[in-house]
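Enquirer: Just passing along the structure, written as structure tokens.
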Amino acid sequence: SVIDISTLISDVADSLRPLAEIKNLILACDIPEHLKTVGDSDELIRLFVNLLDNAIKYTEHGKISITAQKNAKEIVINIEDTGIGISLEHLPHIFDRFYRVEESRVTRGAGLGLAIAQEIAIAHHGIIEAHSIRGGGTTFTVRLPEKPL
């Protein structure tokens, strides 16, 4: 079905904002209205909850920004944090099932969040990419096809 991804992401951000506020993080959402894609809203909610929860978990101070834009025939969503970052050697593996970056082992979770997020993106004919600098934050980019009018 057709999903208003703008509303969906804003709702996810609102629902996770209390988790960010507990850590005194700013959660900023700057998304144009009426971006639409086709898919399963429950699955897409899961995708963005996983990515945002991850960003909050690995950010000790600063902010998390969610931005989106329409590019040609796709919607590009960026979730950027000022967290611990991911070192270069780990970056290619973060979407593998059960892969845990060593220093993250103390935190909760089974190492499935990003693998599930990637599976959902692929199922929606999209992709997820991660860019990170160790100690300098991480940006996850989700690209989803735009619903043609």
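Enquirer: So the check is Cβ under 7 Å with 6+ separation or different chains; which pairs have a first residue in region 86-114 that's of a type in the set (Lys, Arg) and a second one that's modelled with pLDDT of 60 or more and in a loop (DSSP other than H, G, I, E, B)?
Expert: Here the result reads Arg97/Leu112; Arg100/Gly111, each pair linking region 86-114 to a residue that is modelled with pLDDT of 60 or more and in a loop (DSSP other than H, G, I, E, B).
Enquirer: Can you tell me which residues in region 118-141 are in contact with a Gly (Cβ under 6 Å, 6 or more places away or on another chain) and either surrounded by fewer than 18 Cβ atoms within 10 Å (Cβ to Cβ) or in a strand (DSSP E or B) (or both)?
Expert: Ser132, Ile133, Arg134, Gly135, Gly136, Thr138
Enquirer: If you don't mind, there's one more thing I want to ask. Please verify whether region 1-8 includes one or more residues that are open to solvent by 20 Å² or more (accessible area, probe 1.4 Å) and part of a helix (DSSP H, G or I).
Expert: So in region 1-8, the residues open to solvent by 20 Å² or more (accessible area, probe 1.4 Å) come out as 1-2, 4, 7.
Adding the requirement that they be part of a helix (DSSP H, G or I) leaves 7.
Yes, the conditions are met somewhere in region 1-8.
Enquirer: Are any of the residues in region 12-20 assigned to a helix (DSSP H, G or I), of a type in the set (D, E, K, R) and within 15 Å of the chain's Cα centre (by Cα)? Quick ask: steps written out before the conclusion?
Expert: First pass over region 12-20, keeping only residues assigned to a helix (DSSP H, G or I): 12-20.
Then keep just the ones that are of a type in the set (D, E, K, R); that gives 14, 17.
Subsequent filtering for residues that are within 15 Å of the chain's Cα centre (by Cα) retains 14, 17.
Yes, region 12-20 has at least one match.
Enquirer: Scan region 113-145 residue by residue and report those that are more than 18 Å from Asp42 (Cα to Cα) and charged (D, E, K, R).
Expert: Listed by number, the residues that qualify are Glu129, Arg134.
The values are calculated or read from the model by the stated rules, or taken from the named source; none is laboratory data. Given the structure is predicted, the values throughout are model-derived calculations rather than measurements. A quick note on method: Cβ atoms are made from the backbone with ideal geometry, for glycine too, and the neighbour counts reach across all protein chains shown. Please note that ligands, DNA and RNA were not included when accessible areas were found on the heavy atoms of the full protein model with its side chains. Shrake-Rupley method; radii C 1.70, N 1.55, O 1.52, S 1.80 Å.
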